[in-house]
Amino acid sequence: MIRFNLNGQAHALDVSPDTPLLWVIRDHLQLNGTKYGCGIAECGACTVHLNGAAVRSCQIPVSSADSGEVVTIEGLTGPEAKAVQAAWVANAVPQCGYCQSGQIMSATVLLRQTPRPTDEQISEFMRGNICRCGTYQRIRAAIHQASQALHEGA
Ligand code: FES
Ligand code: FES
């Protein structure tokens, strides 16, 4: 039995310990905001938070989440998340949208760790999140805007 907290709710699941966390989130718990892209930890579409870190859930066995705290896009809360989501809307960041929940999960952790990131710090932190539609300029602008909003207490 694997036990973890997902978006503030306790879960106990009878699944094989080596099942990828992404499968458990999408197939067992029916939360489909987290996407499957490459399956090999290269694209970032499956990014969730595990104990506060942005991780690639396609390559994390669910056993790694045992007794842990998992947050998906459906449960993302807090000032940084709110600022990121508002900036994403204001900058009309998504095109097809497929990569964007992963982008938002990563951007939120970036701002928690680095409240005023430079362009270089954004590029470095976000480079594991690939966007086939090429929304990188708007992602960068939105992260700066979210950072500014947090700084101003908006
Ligand atoms: S689906 Fe996990 S990194 Fe691409
Ligand atoms: S918005 Fe289409 S892949 Fe990023």
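For region 1-62, the fraction of alpha-carbon pairs lying more than 15 Å apart is 46 percent, rounded to a whole number.
Over the C-alpha trace of the chain, radius of gyration and Dmax come out as 15.2, 47 angstrom. Coupling constants for region 58-66 follow from the phi torsions by the Karplus curve (6.51 cos²θ - 1.76 cosθ + 1.60, θ = phi - 60°), and in residue order they are 6, 10, 9, x, 4, 4, 5, 8, 4 Hz; glycine and proline get x.
Just need the relative contact order of the chain here, percent rounded to a whole number, with Cα pairs under 8 Å and 6+ apart.
On the way: 262 pairs, mean separation 38.0, N = 154.
Relative contact order comes out at 25 percent.
Across the accessible surface of the chain, with the other protein chains kept in place and a 1.4 Å probe, carbon and sulfur atoms take up 50 percent. Springs between Cα atoms under 10 Å define the GNM used for the chain, and in it the highest mean-square fluctuation of His11, His49, His144 occurs at His11. Scalar couplings 3J(HN,Hα) for region 130-145, obtained by applying the Karplus form with A = 6.51, B = -1.76, C = 1.60 to θ = phi - 60°, are 8, 10, 5, 8, x, 8, 4, 4, 6, 4, 4, 4, 5, 5, 4, 5 Hz; x denotes Gly and Pro. When Lys and Arg each count +1 and Asp and Glu each count -1, what net charge do the other residues less than 15 Å away from Tyr136, Cβ to Cβ, add up to? Cβ neighbours under 15 Å give a net charge of +1. Helix 100-113 and the longest principal axis of the Cα set of the chain meet at an angle near 70°. Taking the DSSP bridge list for the chain and keeping only pairs wholly inside it, about 85 percent are antiparallel.
One Cα centroid belongs to region 37-101, the other to region 115-154; the line between them spans 14 Å.
May I ask for the net charge around Glu80, where only other residues with Cβ less than 15 Å from the Cβ of Glu80 are counted and Lys, Arg are +1 while Asp, Glu are -1?
Cβ neighbours under 15 Å give a net charge of +2.
For region 1-91, applying the loop criterion from DSSP together with a ceiling of 14 other beta carbons within 10 Å to the GluC sites (Glu not before Pro) yields Glu42.
Cα gyration tensor of region 40-113, axes a ≥ b ≥ c as square roots of the eigenvalues: rounded (a/c below 1.5), prolate (a/b > b/c) or oblate? Present the calculation step by step, with values, prior to reporting the outcome.
On the way: a/c = 2.48, a/b = 1.45, b/c = 1.71.
Verdict is oblate for region 40-113.
For Cys43, the shell of other residues with beta-carbons less than 13 Å away shows a net charge of +3, using +1 for Lys and Arg and -1 for Asp and Glu.
For a quick check of your reading of the filter: which trypsin sites (Lys or Arg not before Pro) in region 48-143 sit in a DSSP loop and have no more than 16 other Cβ atoms within 10 Å?
Numbers: sites: Arg56, Lys82, Arg112, Arg127, Arg132, Arg138, Arg140; in loops: Arg127, Arg132.
Here the trypsin sites (Lys or Arg not before Pro) that fit, given the DSSP loop and packing criteria, are Arg127, Arg132.
Averaged per residue, the chain has 50 square angstrom of accessible surface, using a 1.4 angstrom probe with ligands and nucleic acids left out.
Derived from the Cα gyration tensor, the three semi-axes of the equivalent ellipsoid of region 87-154 are 18, 13, 10 Å, largest first.
The values are calculated or read from the model by the stated rules, or taken from the named source; none is laboratory data. Keep in mind the model is a prediction, meaning the values are calculated, not measured. Cβ atoms come from the backbone with ideal geometry, glycine included; neighbour counts cover every protein chain shown. Just so you know, the surface numbers come from the protein's heavy atoms only, side chains and all, with ligands and any DNA or RNA stripped out. Shrake-Rupley method; radii C 1.70, N 1.55, O 1.52, S 1.80 Å.
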